[in-house]
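The values are calculated or read from the model by the stated rules, or taken from the named source; none is laboratory data. Being a predicted model, the structure only gives us computed values, none of them experimental. Ideal geometry is used to build each Cβ from the backbone, glycine not excepted, and the neighbour counts take in all protein chains shown.
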Amino acid sequence: MTGLTVYERLNRLGITLPSASEPAAKYANYVKVNNLLFVSGKGPAGNPDGKLGEDFTTIAGYQFARQAGIEVLAVLQSAAGSLDNVKRVVKIQGFVNATPHFKEHHKVLDGCSDLMLDVFGDKGAHARSVFGAVSLRDNLPIIIDSLFEIEQ
Amino acid sequence: MTGLTVYERLNRLGITLPSASEPAAKYANYVKVNNLLFVSGKGPAGNPDGKLGEDFTTIAGYQFARQAGIEVLAVLQSAAGSLDNVKRVVKIQGFVNATPHFKEHHKVLDGCSDLMLDVFGDKGAHARSVFGAVSLRDNLPIIIDSLFEIEQ
Amino acid sequence: MTGLTVYERLNRLGITLPSASEPAAKYANYVKVNNLLFVSGKGPAGNPDGKLGEDFTTIAGYQFARQAGIEVLAVLQSAAGSLDNVKRVVKIQGFVNATPHFKEHHKVLDGCSDLMLDVFGDKGAHARSVFGAVSLRDNLPIIIDSLFEIEQ
């Protein structure tokens, strides 16, 4: 999809961005400092609940990571005015709600990483890390924490 | 408490900042880069120990999160010279020592988020994320990792 | 080792940096923004597997943290051109694959912190935080997430 704008890519991917979801508690959806935009942790829409390695397969987890990424994009759009103002996806951390024996956290987080590459192309290549959380708010399967560089 | 300085707010809240606690191991309490101040993970004073969902209620966890936040403020004051030099609370991550079935991590972290809003007003609104850690150093109930914007 | 260059220090420490390891999934090894270099999560070479508090002692964990730190240095060297371009180790997060009753996460992470101080001297003093992950990719014992300031 080289040469397409971010919104043309979203359209081809069949993704319609929702409105930014409200923070789950007493905090802001994002904070801007200099050209950096820090986005609060976001889970998939619809509040699915359960653990990887027990309630969900890695493939289901991949889809949840992608859905959580769409919630991040919704915040990003409201924060930056337009996704066209995003210069780079800088960093993603994935908190995977998992059992002690789960080993495929990286394959789960790929759902969010692939989304960023699909939507932003080269600007979507990011640093990242992922780990198993013993539990998450409302038993969400995944939460995505993220950082972006934006045009000033 | 609109119009009050940070120290007037602390006074009304009845909070006396302790000296910054020593790092628990071989690292610095904070590092400044540009106008960003990265603060090392801090737990509540007095080294309480136990897990949310087992040893402590969510309400007790909220208080621990607030106490850990006070330890963060102590470091912040020593790093920035004065809390008046803090331009913005940028990002907070909460590591909650929790059981696999705990679901109220966000309500626990509100103890720290409310403190930041109480002390800094609008400048206290921050991005944040929270997850359940299977265990923490010395079995602390919570550790707060944080990032601030300061005047240069 | 005051007055020595970073490469003289590495030499005295008997450390030969490997080539930067490939990302374990679909992401970049690092992203640069302004003078900040965000490095993706790295585990120790050779893919050891097991948990602290069960399969490995704290002393073994310390060595794994050091080895993971060497993998971080390898990425850093390829990203910054030379370790001489590193101005400061800013922040380290350690994800320790641990049991619910493990309490020495800080002593484990010291393996990485000591390496940074050994290699960079005063520039190696960093902010950090550490927690117990219920599980990690491929059952790695530790993953290190890191941030550096580099010369522009």
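See the values below:
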item	result
Positions within the range C:107-152 being touching a strand residue (DSSP E or B) at 6+ places or on another chain (Cβ under 7 Å), part of a helix (DSSP H, G or I) and more than 15 Å from C:A68 (Cα to Cα), in sequence order	C:F120, C:K123, C:G124
Those residues of the range B:125-135 which are out of contact with any Gly (no Cβ under 6 Å at 6 or more places or on another chain) and closer than 21 Å to A:T99 by Cα, in sequence order	B:F131, B:G132
Identity of the residue in the range B:128-144, under 13 Å from the mean Cα position of the chain (by Cα) and free of Cβ contacts under 8 Å to residues at least 60 places away in the same chain, that ends up nearest to the other protein chains (Cβ to nearest Cβ)	B:S129
Tally of residues being part of a strand (DSSP E or B), over 15 Å from the mean Cα position of the chain (by Cα) and closer than 27 Å to B:K51 by Cβ across the range C:56-96	1
Condition check for B:V33: surrounded by 15 or more Cβ atoms within 10 Å (Cβ to Cβ), more than 26 Å from B:S135 (Cα to Cα) and out of contact with any strand residue (DSSP E or B) (no Cβ under 6 Å at 6 or more places or on another chain)	no
The listed residue being under 12 Å from the mean Cα position of the chain (by Cα), facing chain A (nearest Cβ under 8 Å) and surrounded by 24 or more Cβ atoms within 10 Å (Cβ to Cβ), out of B:L147, B:L117, B:L109	B:L109
Search result, residues across the range A:39-87 that are out of contact with any Phe, Trp or Tyr (no Cβ under 7 Å at 6 or more places or on another chain), surrounded by 16 or more Cβ atoms within 10 Å (Cβ to Cβ) and hydroxyl-bearing (S, T, Y)	A:T58, A:Y62
Residues of the range A:30-83 satisfying the condition of being polar (S, T, N, Q) and either modelled with pLDDT under 95 or farther than 19 Å from A:L140 by Cβ (or both)	A:N34, A:N35, A:N47, A:Q77, A:S78, A:S82
